[in-house]
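Here is the structure we will look at.
Derivation of every value follows stated rules applied to the coordinates shown; laboratory data play no part. Keep in mind the model is a prediction, meaning the values are calculated, not measured. Methodologically, a virtual Cβ is constructed for each residue, glycine included, from the backbone with ideal geometry; neighbour enumeration extends over all protein chains shown.
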Ligand code: NAP
């Protein structure tokens, strides 16, 4: 661990940090010495994450709350700041997803994904602003390739994550003068996650996705966590307003290549 990635004495808040990619992000910051707060809906998941994160030696705390509930999000951020001090790194990763064609999806399903991914991210950033260390804080939103590439069966997630990218850029513009950097990471297909279990639930579908990735494999959550450690650190001190693909080149093939794989994938979904 170089000094640049030493987060001792730093406060990191991870929304959605109780499973999958976001929990791995929380683990990485905890191992790097940060005090880490996590938030998600399920109390058991929150308690388990806090117990594990505390084992890495720093302080950990958690909140059972829904990012759709602005007051609950604001109360959690206030409590984290009172306990741990100003927030140095804020990660917004809470999200929901399910495959459904636009013409079949219920209006409620579309709204739920937009409410969690997009409005939840805005709630988090809006409520966190007063608690961010200024200058010096870094905000990292967890986006997705769907934010810039139209993907069948993903109208809700495409719309929501596109919005997340624009919130990222606008806040980077507005908060730059206060010394707050705002970036996003767009993971490709990540192994062992709830997200990919829903979108590619069989080995055959996993193979279709794997073949559409230039690096020829799924990524792993630690690779996303590493990119967050870097974006939150002084190594990225002049980077703001960026949506960083961490996807093995998945998005490089552009819509054509991605569409081909994804269309086959959903056609084969039982
Ligand atoms: P995951 O394990 O399902 O993680 C989602 C987290 O968000 C969970 O901790 C969940 O906990 C929390 N959450 C969901 N709805 C919430 C709400 N309304 N309020 C508060 N917390 C909520 O999913 P993942 O696959 O690792 O994905 C993590 C992030 O990476 C997401 O932003 C996703 O869009 C992005 N991503 C994933 C992939 C992939 O390959 N998996 C690819 C691209 C982008 P509770 O159930 O306790 O609320």
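Identify which of 252, 77, 125 has the largest mean-square fluctuation in a Gaussian network model of the chain, with springs joining Cα atoms closer than 10 Å.
Among 252, 77, 125, the largest GNM mean-square fluctuation belongs to 252.
Compute the Kirkwood hydrodynamic radius of segment 3-78, taking the inverse of the mean of 1/r over all pairs of distinct Cα atoms, and give it in Å to one decimal.
Computed over Cα pairs of segment 3-78, the Kirkwood hydrodynamic radius comes out at 12.1 Å.
Could you line up 3, 206 from fewest to most neighbouring Cβ atoms inside 10 Å?
The order, fewest Cβ neighbours first, is 3, 206.
For segment 1-158, what's the relative contact order in percent, using C-alpha pairs closer than 8 Å and at least 6 residues apart?
Reported as a whole number, the value is 23 percent.
Round to the nearest 10 and give me the degree value, 0 to 90, for the angle of helix 155-175's Cα axis relative to the longest principal axis of the chain.
Helix 155-175 sits at roughly 30 degrees to that axis.
Starting with the fewest neighbours, write out 140, 239 ranked by other beta-carbon atoms found within 10 Å of each beta-carbon.
239, 140
How large is Rg over Rh for segment 8-134, taking Rg from the Cα atoms and Rh as the Kirkwood inverse mean of 1/r across Cα pairs?
1.01
Which residue, 157, 127, 101, has the most motion in a Gaussian network model of the chain that connects Cα atoms within less than 10 Å?
Fluctuation is largest for 101.
What is the Cα radius of gyration of segment 117-198 over 2.2 N^0.38 Å, N being its residue count?
1.18
Over all distinct alpha-carbon pairs, what is the Kirkwood Rh of segment 87-151 in angstrom?
13.4 Å
I'd like the distance separating the alpha-carbon centroids of segment 1-53 and segment 122-172, in whole Å.
Here the two parts' Cα centres lie 19 Å apart.
If you wrap a convex hull around the alpha carbons of the chain, what volume per residue comes out, as a whole number of Å³?
Residue-normalised Cα hull volume stands at 121 Å³.
Over the Cα atoms, compute the radius of gyration (one decimal) and Dmax (the largest Cα-Cα distance, rounded to a whole number) for segment 43-82, in Å.
Reported Rg and Dmax, both Å: 11.1, 31.
If you take the square roots of the eigenvalues of the alpha-carbon gyration tensor of segment 136-259 and sort them as a ≥ b ≥ c, do you get rounded (a/c under 1.5), prolate (a/b over b/c) or oblate?
Here segment 136-259 falls in the prolate category.
Once both axes come from the Cα atoms, what is the angle between helix 43-54 and the longest principal axis of the chain, in degrees from 0 to 90, rounded to 10?
That helix lies at roughly 60 degrees to the long axis.
Once the Cα atoms of segment 135-179 are picked out, what are the Rg and Dmax in Å?
Computed over the Cα atoms of segment 135-179, radius of gyration and Dmax are 12.7, 41 Å.
With runs of 4+ DSSP H residues as the only contributors, calculate the mean residue ellipticity of the chain at 222 nm using -39,500 (n - 2.57) per run, divided by the residue total and rounded to the nearest 500. Before the final figure, lay out the partial values.
Details: 10 runs with 116 residues, N = 270.
Rounded to the nearest 500, it is -13000 deg cm²/dmol.
Among 111, 233, 191, whose mean-square fluctuation peaks in a Gaussian network model of the chain (Cα, cutoff 10 Å)?
Taking springs between Cα atoms under 10 Å, the residue moving most is 111.
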